[in-house]
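Here the structure comes first, spelled out in structure tokens, and everything after it is commentary.
The values are calculated or read from the model by the stated rules, or taken from the named source; none is laboratory data. A quick note: this is a predicted structure, and the numbers were derived from the prediction, not measured. Reconstructed Cβ throughout: ideal geometry from the backbone, glycine too, with neighbour counts over all protein chains shown.
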Amino acid sequence: MAGGDPRDRKPDTRLVAAGRKPEWTGPAVNPPVWRASTYLYEESAAQEAGRHVNADGVFHYGARGGPTQWALADALTELEPGAAGTMLYPTGLAAPAIALLSVLKAGDEVLVSDNSYDPTRSFALHALRDYGIGARFFDPLDVEGFAATIGERTKAVLLENPGSLTMEVCDVPALAAIARDKGAVTLIDNTWASPLGFPALERGCDIAIMSLTKHVGGHSDLMMGSAAAGEALYGKLRGKAQAMGHVVSPDDAALALRGLRTLAVRLNHETSSCLEIAKFLLQRAEIAHILCPMLPGSPGHELWARDFTGGCGLFSFVFQGGTAAARDAVIDALSLFGIGYSWGGFESLVTPLDPAPARSATPWPPAGTDPADRFGLRLSIGLEDPGDLIADLERGLAAWSRA
Ligand SMILES: Cc1ncc(COP(=O)(O)O)c(C=O)c1O
């Protein structure tokens, strides 16, 4: 029921109203871009008092943000059930990086799911080492073996669900419960579904991370990340981000807010196009596996149906045999799919699926599949007409050869 508490409203309604506090928007619909490094106090006593209240909504200094950034953080908190606050970071990579530094100290260790975004893996393995923090990788699909993987030093577990290249869906509630039992904090990269499709904190995670560069921005013109958590961990996130001098620009925050308003509409469109395109690919003889958890019969579909309320247009597929050159010929024959990094924008993108170098705990191709089936593509489906995208893929596949 759409009562007085915004959290009682349906997500679509919350997306429209979230973060639009009158004291931040003034008479405008959207919070204006408040560009400021310095906020002026009326008297010295107010300046002194301001030093001691560290909260969004309290003017202090540009490094603690202003109404535009507060409005975005507030909106994201409203959309994440169980969150007390959200920190913003200059990129989606900075979000897990600084969040890990917020909860770990020298001597600790993080367990990272083997299907994680490669730069996040790299940060955990290499950058954290300089701080005396260890990292190991684990198979996110092996719930039985997970408890035994957690060691004395393990204080954090980092999940990505689904894996943004290979699309495995893991049993997040089970893994997070085991981690909690053993005293470890669970962080999750929830960029794929966003809280609209996967309420990560409600599913047992402690810190929900997103690259806002993707769906929230939605227009391929900004970089940003976020991490949302309950009261105690939000305090830690805030403390570390401020200590390291992180703040996002109000211009980018305004762009992210603009994107956020249409998030549900875009995700719905992407999801329906994605399913249409995945079903088309399923019929094609060139293709061995479709990695799209929303598609019945695809790996991870049961867990997706159990735990998710939505999805997006990002999925992958694997060719039957073939070579890297054959795969590249398909990419080059496409005209509607841009060749580029990132995903979640309004325009469709294609990128080679080449996960083997970025795995250490699980093999690629996966155990039990034909080792010849290793080359594939990842598609980010945008807002074009799905029929046009299918026609483009038909042209692309005509360039494929098994040799
Ligand atoms: C799953 C996932 N998380 C995080 C990131 C990093 O986001 P950003 O590019 O904003 O640093 C990416 C980027 O591709 C990603 O795919």
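Any chance segment 317-332 includes a residue that's small (Gly, Ala, Ser), in contact with a Pro (Cβ under 9 Å, 6 or more places away or on another chain) and crowded, with 20+ Cβ neighbours inside 10 Å?
The initial filter retains those residues of segment 317-332 that are small (Gly, Ala, Ser), namely 321-322, 324-326, 329.
Narrowing the set further to residues that are in contact with a Pro (Cβ under 9 Å, 6 or more places away or on another chain) leaves 324.
From what is left, the residues that are crowded, with 20+ Cβ neighbours inside 10 Å are none.
So far as segment 317-332 goes, no, none of its residues is small (Gly, Ala, Ser), in contact with a Pro (Cβ under 9 Å, 6 or more places away or on another chain) and crowded, with 20+ Cβ neighbours inside 10 Å.
Exactly one of (1) surrounded by fewer than 20 Cβ atoms within 10 Å (Cβ to Cβ); (2) assigned to a loop (DSSP other than H, G, I, E, B) is unmet by Thr351. Its number?
So the condition that Thr351 fails would be (2).
Enumerate the strands (runs of 3 or more DSSP E) found wholly within segment 108-170, keeping only those where 2 or more residues are under 18 Å from Gly197 (Cβ atoms), modelled with pLDDT of 95 or more and within 14 Å of the ligand (Cβ to nearest atom). If you could, list the steps in order and put the result at the bottom.
On the way: elements: 109-113, 134-138, 154-160.
Here the list reads 154-160.
With the structure loaded, tell me whether Arg395 is part of a loop (DSSP other than H, G, I, E, B), basic (Lys, Arg) and either crowded, with 16+ Cβ neighbours inside 10 Å or away from the ligand (no atom under 16 Å from the Cβ) (or both) or whether it fails that test. Outline the logic, then answer.
Values: part of a loop (DSSP other than H, G, I, E, B): no; basic (Lys, Arg): yes; either crowded, with 16+ Cβ neighbours inside 10 Å or away from the ligand (no atom under 16 Å from the Cβ) (or both): yes.
Taking the combined requirement at face value, the residue does not satisfy it.
So the check is Cβ under 6 Å with 6+ separation or different chains; which pairs have a first residue in segment 125-150 that's closer than 15 Å to Ser113 by Cβ and a second one that's assigned to a strand (DSSP E or B) and not basic (Lys, Arg)?
From segment 125-150, the pairs are Leu125/Ala135; Ala135/Val110; Ala135/Val112; Arg136/Leu111; Phe137/Val112; Phe138/Leu111; Pro140/Ser113; Thr149/Phe138.
Of the residues Ala95, Ala99, which is touching a Phe, Trp or Tyr at 6+ places or on another chain (Cβ under 6 Å) and within 30 Å of Leu128 (Cβ to Cβ)? Step through it out loud before you land on a result.
Working: Ala99 fails: touching a Phe, Trp or Tyr at 6+ places or on another chain (Cβ under 6 Å).
The conditions single out Ala95.
Any residue at all in segment 215-235 that's away from the ligand (no atom under 16 Å from the Cβ), touching a Cys at 6+ places or on another chain (Cβ under 8 Å) and either farther than 26 Å from Ser102 by Cα or acidic (Asp, Glu) (or both)? Reasoning before the result, please.
Kept after step one, since they are away from the ligand (no atom under 16 Å from the Cβ), are these residues of segment 215-235: 229-235.
With the extra rule that they be touching a Cys at 6+ places or on another chain (Cβ under 8 Å), the set shrinks to none.
Checked segment 215-235: no residue is away from the ligand (no atom under 16 Å from the Cβ), touching a Cys at 6+ places or on another chain (Cβ under 8 Å) and either farther than 26 Å from Ser102 by Cα or acidic (Asp, Glu) (or both).
Let's see how each residue does on (1) within 16 Å of the ligand (Cβ to nearest atom); (2) at pLDDT below 95; (3) more than 21 Å from the chain's Cα centre (by Cα); (4) buried (at least 17 other Cβ atoms within 10 Å of the Cβ):
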residue	(1), (2), (3), (4)
Arg266	no, no, no, yes
Ile287	no, no, yes, yes
Arg306	no, no, no, no
Trp343	yes, no, no, yes
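Six or more apart or on different chains, Cβ under 8 Å: which pairs go from a residue in segment 342-371 that's within 30 Å of Val265 (Cα to Cα) and in contact (Cβ under 8 Å) with a residue 24 or more places away in the chain to one that's basic (Lys, Arg) and assigned to a loop (DSSP other than H, G, I, E, B)? Could you list them?
Ser342/Lys214; Trp343/Lys214; Gly344/Lys214; Gly345/Lys214
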